[in-house]
Amino acid sequence: VVFIGNSITENWVHLRYKFFVENNYICRGLGGQTSPLLLLRFRQDVIDLHPKAVVINTGINDIAENTGEYDITFTMDNIKSMAELAAANDIKVILTSVLPSSGYGFKGHIKDVPGLVDQLNDSIKDYAFSKRFYYLDYNTPLRDKDGGMKAEYTFDALHPNEDGYKVMEPLVQK
């Protein structure tokens with residue numbers, strides 16, 4: 001199983017290395033990456049490895065405008081392209097929700113980050129169901145009442161800490 005994503009995926013292997021080794025999982029997370037950057041490396045980092053499944057986690061850096069103005073249609077098109085490439089290569093597709101975020105540290109003009117996350121998650125979920133891909137909800141168990149990440153599961157209001165990954169692991173293994 002290949003996990004592709006941004007720093008949320010990259011940090012997971014650093015904090016919980018045994019989880020990846022013991023389960024024969026491969027981490028292809030790179031900090032700061034947005035959905036178009038994942039798509040650009042999808043063939044090399046996923047398809048060429050011939051995994052049984054791919055876990056795709058992307059979108060928060062799109063919302064944060066790491067590589068340009070956020071456009072949900074553009075982000076979804078990138079997610080759809082990755083999923084379709086995987087399916088065309090007989091790789092099981094697992095699309096994950098974007099993790100909760102209050103937008104702490106985001107550019108000042110980006111408003112209602114929890115609402116943007118929810119909207120993108122709804123789109124990912126609807127697409128997954130329409131294509132019969134698996135949708136994995138990390139957001140709900142990590143989310144506080146205001147739509148950010150619960151303090152006990154993060155060290156910076158964006159990235160999970162070890163306890164956050166411990167919540168995510170049984171979900172992805174299921």
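Could you figure out which of (1) touching a helix residue (DSSP H, G or I) at 6+ places or on another chain (Cβ under 7 Å); (2) over 25 Å from W12 (Cβ atoms) isn't true of D90?
(1)
Within the stretch 133-164, can you find the residues that are aromatic (F, W, Y) and more than 27 Å from L85 (Cβ to Cβ)?
Scanning the stretch 133-164 gives Y153, F155.
Applying the selection to the stretch 101-124, what residues are open to solvent by 80 Å² or more (accessible area, probe 1.4 Å) and in contact (Cβ under 8 Å) with a residue 24 or more places away in the chain?
Y104, K107, Q119
Against the condition crowded, with 21+ Cβ neighbours inside 10 Å and out of contact with any Lys or Arg (no Cβ under 8 Å at 6 or more places or on another chain), how does L171 come out, does it pass?
Details: crowded, with 21+ Cβ neighbours inside 10 Å: no; out of contact with any Lys or Arg (no Cβ under 8 Å at 6 or more places or on another chain): yes.
So L171 does not fit the description; no.
Failed condition for D163, given (1) touching a helix residue (DSSP H, G or I) at 6+ places or on another chain (Cβ under 6 Å); (2) open to solvent by 50 Å² or more (accessible area, probe 1.4 Å); (3) touching a residue at least 40 places away in the same chain (Cβ under 8 Å), with all others met?
(3)
Quick test of your reading of the structure: F129 fulfils all but one of (1) touching a strand residue (DSSP E or B) at 6+ places or on another chain (Cβ under 7 Å); (2) open to solvent by less than 80 Å² (accessible area, probe 1.4 Å). Name the failing condition by number.
Here F129 meets the rest and fails (2).
Hey, any hits in the stretch 100-118 for a residue that's within 18 Å of V167 (Cα to Cα) and in contact with a helix residue (DSSP H, G or I) (Cβ under 8 Å, 6 or more places away or on another chain)?
Of the residues in the stretch 100-118, the ones within 18 Å of V167 (Cα to Cα) are 100-101.
Right, trim to in contact with a helix residue (DSSP H, G or I) (Cβ under 8 Å, 6 or more places away or on another chain) and you get 100-101.
Yes, that holds for at least one residue.
Among the numbered criteria (1) out of contact with any Asp or Glu (no Cβ under 9 Å at 6 or more places or on another chain); (2) more than 19 Å from T154 (Cβ to Cβ), which single criterion is violated by G59?
(2)
If you take the residues of the stretch 1-39 that are of a type in the set (F, W, Y) and not in a helix (DSSP H, G or I), which of them is surrounded by the fewest Cβ atoms within 10 Å (Cβ to Cβ)?
Y25
If the requirement is being touching a Ser or Thr at 6+ places or on another chain (Cβ under 9 Å) and open to solvent by less than 30 Å² (accessible area, probe 1.4 Å), which of these qualifies: N57, N66? Break it down stepwise before answering.
On the way: N66 fails: open to solvent by less than 30 Å² (accessible area, probe 1.4 Å).
Being touching a Ser or Thr at 6+ places or on another chain (Cβ under 9 Å) and open to solvent by less than 30 Å² (accessible area, probe 1.4 Å) holds for just one of N57, N66, which is N57.
Take the stretch 136-158 and flag every residue that is crowded, with 17+ Cβ neighbours inside 10 Å and closer than 15 Å to T96 by Cα.
Of everything in the stretch 136-158, those that are crowded, with 17+ Cβ neighbours inside 10 Å and closer than 15 Å to T96 by Cα turn out to be L136, Y138, N139, L142, R143.
The values are calculated or read from the model by the stated rules, or taken from the named source; none is laboratory data. Predicted model, so just to flag it, every value in this text is computed and none were measured. Using ideal geometry, Cβ is built from the backbone for each residue, glycine included, and neighbour counts are taken over all protein chains shown. The area values use the complete protein model at the heavy-atom level, side chains included, leaving out ligands, DNA and RNA. Shrake-Rupley method; radii C 1.70, N 1.55, O 1.52, S 1.80 Å.
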